[in-house]
Amino acid sequence: TIIRAYARHCVIELQPIACFCGGVAAQEVVKCSGKYTPIPGFAHFSFQEALPNPPPPLAERQPQNSRYDELIAVYGSSFVLQKLANLNYFLIGSGALGCEFVKNFALCGICCGPNGKLTIADADRIELSNLSRQFLFREHNVRQSKAVAAAAMALNPGPRTVANPMNTHLKVQAIEAYVGPKTETPALFWDPFWENLDGICNALDNMEARFYVDAQCVKFEKPLLESGTMGTSGNIDPIVPNKTRTYRQGGNAADQAGVPMCTLRNFPHLTDHCVEWARDKFAELFVKPARRAMKFAADPNTTITEFKQRAAQAQHGADLTSLATEAEALASTLRLAAEPDSLRKRHACAQAAFNAFHALFRDQILDLIHAYPIDARVKDVAGRDKGAFWSGHKRFPTAATYDPNNSAHWQFLVATTHLLSQMVGGQPRKEEEDEEYASQERSQGFAADLVASLSMPIYARRAVDTSDIEGTTSSSNTDDEDAYSRQLLNAAIQTMETLATNPPTDIQPEDFEKDDDYNFHVDFVAACANCRALNYAIPLTDHDKAKQTAGRIVPAIATTTAAVTGLVMLELFKVVLDMPNTALRTRQVGLGVNVYPSFDADNLIEHRTTETMIRPDPSTLPEEAFEANGSVKREFWTKHTSVAYPNPHSVWTKLPAPEEAALHWKVTDLADWLSNEHGLKLTAWNLQCGVATDEDGKPRPISTRVYPPIEQLDLNKLPDLTLSKPKAMMYLQQTHGLRGSSMMKYLAEWDKYRKIGHLPENFPPPEKSTAEMTLIEILQIKGNLDLTGRKRVLLDGLSCSIAPAKPDDTDSMDVDEVDVEKLAPVLLKLPG
């Protein structure tokens, strides 16, 4: 009963609960010292579901004169000294949350047994700003690896730290590396590493890494303890195979509401608006044009054709202006990269940076003022006056004039010049650990020397996009504005055509990296934001604030991290005890307002076969299909069956193939097994073979067809080019037995070479068909997959159909097969 449970545990101090309560109490102390209101009474927390049920035998709960006696009194000695002590856990991240987890693991004796092991992975180095919230680190740890320093502080703080070791028995391995696809290597995190883990504890600060780890946990069926903080708020999500949904399915925090685009584009009124705008300009200047240039270098003619087609469709207005701007950005990048030597590239990049300053902070502002003068009025659709346009949050802007003494101006010029020059190979690109990079070229004097050799760009009025501006009073483009945009677009296309025969290739996009203070990325964002703020008389930002906003960083608070990690440890105990999902808790922490809701962990999302009745289009039905009231009779509705296999199944479900599948199976063997064991007919297999990055920097998977196999042409079978087409067809048919589509493919190749005038002396041997390859060969050759060290592969991209079960009264009827819309992946276990 509850009374007995309280009586049995009333004097016990569990480390995880002490950690949680300590974070809450410490935040109350902070409130007492300032303007915030602390808790005006008692706070009561209950963790009844974390208690083992039934409790361990009394003999198991006897004190052993051990530092773990409090834990033993609740969970028993076998659980604490054997299960917890000998866990093999993976802690990913060693920042604010990671430091707390290292402490909690050490104090609870987790991974401290003879067979225990805690692996800590973090690629970051300690910065001075980390010391206020990542409590394991001291000033002498600055620039050291976070993972290595955290492990050392737990085991042996050293003479420079007045602290005792947390637990000398902790079995810890620190790895200075990030966790992702590129570190799936024998030296780091390959399949045997993941298979041997008992669980994973995340202490990450980005969604990409969270999603990757979540996918690995699904693949290897490992529990994941996910948590995160944002200021005084935090969340805890236990994710357990076959018990809860995954992080991707429901654990990620809700996205923050965005700023309206029209506010960022034309009407900022907060410093954060300027920083967000500057972050967007970073992508427009240093990422998207570079990616387009790389795409152009790979296939110039396709890019030119696309621009010409779009130019024909964009006749006038903002669409034409936008297309011209995009084309000019690409052409400008190509011109910079095509400069013959680094000295001329550097000068061209400086001129491009100077042009960018005037385009962003002079020309765009003048265009906006022309479209909406200071006395502009807002009118509704009926033409009624609704008041002044420049009112409320709309600030009337002022166009910039470059001032060599204005720090925002010259810092923008310096940062933009260096970033453009790195992008097109005009200067050596920054190495990761180089803290002296361009140290002599960051001053006001350097900027002044640049400006002395640059020419002032001429202002030409352009259109303003008014599509998302309420109460717009501006007219469409003038003929002069359209003519200028058309001229700019044609000149850009001409540049592309000139460079198409020998496109520049030394181009590299500057992917934004917030944690490197010497790569000019945050320098650009801060300077660009401040130039924007000066246009609108908005308070300026500084380097650190720009870094936080542009990197979407909310600094961790020690009180929140302590409270969150304490609750995570309780979930770890439940996972190790194999408690049902009704005992697992998804929790939220709100230290600022003292709200601590908890919910049952999200249940599995199960895919089931469902039937849906679809109402037909009434216009296609005969008169007898309608009821008297005009509704369609049910017998004329069509039934759609959405099939899941297995029925039901979850994301954790897999179809394990036999062990011999990895040794010698071909696609036909896979198809036979699916048919015989599961009643499935393999209809297609599109295997992911890589990932492409689109212009916005987002990854997009690329697939190749495996089944049905594509016929591979043996070009040695081509007829003589002197034959007529009918005789060539007869030759293919009689000599090689080709018919139908196969013959037409060979005939098309023959016709291509006949137009060229000759056949090559030596044709390459035909590529091996996927029908002849083993599954291993398909994964390696078609899927570009390195199988070194891999123990399991999930065969995704399979398409199957299945014959639904026949009703009892339709034994003699043929039932059409239906496509399986939700199919669990096939698990292929590879030999060691």
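Considering all C-alpha pairs of region 596-703, those separated by over 22 Å amount to 66%.
For residue 829, list the lysines whose Cα falls under 26 Å from its own Cα; do not include residues on the same chain fewer than 8 positions away. Leaving aside lysines fewer than 8 places away in the same chain, those within reach of residue 829 are 117, 182, 219, 222, 243, 654, 666, 681, 768, 782, 791. Within the assembled protein chains, the solvent-accessible surface assigned to residue 11 is about 120 Å², based on a 1.4 Å probe. Reported to the nearest whole Å, the Cα centre-to-centre distance from region 145-204 to region 343-408 is 51. Within straight-line reach of residue 379, meaning a Cα separation under 30 Å, sit the following lysines at least 8 residues removed in sequence or on another chain: 394. If a/c stays under 1.5 just call it rounded; otherwise compare a/b with b/c (prolate if a/b is bigger, oblate if not). Do that for region 331-458, with a ≥ b ≥ c from the square roots of the Cα gyration tensor eigenvalues. Cα axes put region 331-458 in the prolate bin. log10 I(q)/I(0), Debye, Cα-only region 1-46, no solvent, q = 0.14, 0.15, 0.16, 0.26 Å⁻¹? One equal scatterer on each Cα of region 1-46 leads to -0.48, -0.53, -0.58, -0.99. The order of 274, 10 by accessible area, most exposed first and with a 1.4 Å probe, is 10, 274.
Dipole magnitude for region 652-788: about 700 debye, using +1 per Lys or Arg Cβ and -1 per Asp or Glu Cβ, origin at the Cα centre. The accessible surface of the chain, taken with every protein chain in place and a 1.4 Å probe, is 51 percent carbon and sulfur. When 21, 528 are compared by accessible surface with a 1.4 Å probe, the order from highest to lowest is 21, 528. Can you figure out the FRET efficiency of residue 625 with residue 799, using R₀ = 35 Å and their beta-carbon distance, to the nearest 0.05? Efficiency, from the Cβ-Cβ distance: 0.55. Residue 454 sits with roughly 20 Å² accessible to a 1.4 Å probe, with DNA, RNA and ligands left out of the calculation. Per residue, the accessible area of the chain comes to 51 Å² when a 1.4 Å probe rolls over the protein heavy atoms. Global dimensions of region 1-124 from alpha-carbon coordinates: Rg and Dmax equal 17.3, 51 Å.
Computed over protein heavy atoms with a 1.4 angstrom probe, the accessible surface ordering of 37, 232, 303, largest first, is 37, 232, 303.
Let me know the shape class of the chain, please: from the alpha-carbon gyration tensor, a ≥ b ≥ c as square roots of the eigenvalues, rounded when a/c is under 1.5, otherwise prolate if a/b is greater than b/c, or oblate. Oblate, since a/c reaches 1.5 and b/c is not below a/b. Taking every alpha-carbon pair under 8 Å whose residues sit at least 6 apart, the chain reaches a relative contact order of 14 percent. Pairs from the table (295/752; 146/345; 146/430; 83/822) lying more than 29 angstrom apart at Cα are 146/345; 83/822. How much length would be gained if the chain were fully extended between residue 784 and residue 749, taking 0.36 nm per residue of separation minus their Cα-Cα distance, in nm to one decimal? Value of the extension gain: 9.8 nm. Projected onto their three principal axes, the Cα atoms of region 59-175 cover extents of 50, 27, 21 Å, largest first. Projecting the Cα atoms of 115, 448, 713 onto the charge dipole of the chain (Cβ charges, centred on the Cα centre) puts 115 farthest toward the positive pole.
Rounded to the nearest 10 square angstrom, residue 432 shows an accessible area of 140 square angstrom against a 1.4 Å probe.
Size descriptor for region 653-807, Kirkwood hydrodynamic radius: 18.8 Å (Cα pairs only, one decimal).
Across every direction, the projection of the convex hull enclosing the Cα atoms of region 83-137 has a mean area of 3.7 nm². Rounded, prolate or oblate for region 47-89? Axes are the square roots of the Cα gyration tensor eigenvalues, ordered a ≥ b ≥ c, and the cut-off for rounded is a/c under 1.5. The shape class here is oblate.
Using only alpha carbon pairs under 8 Å that are at least six residues apart, calculate the relative contact order of region 647-805 and give it in whole percent. Relative contact order of region 647-805: 35 percent.
The values are calculated or read from the model by the stated rules, or taken from the named source; none is laboratory data. Quick caveat: nothing in here was measured; it's all calculated off a predicted structure. For neighbour counting, all protein chains shown are included, and Cβ atoms are generated from backbone atoms with ideal geometry for every residue, glycine included. SASA here: full protein model, heavy atoms, side chains in, ligands and nucleic acids out. Shrake-Rupley method; radii C 1.70, N 1.55, O 1.52, S 1.80 Å.
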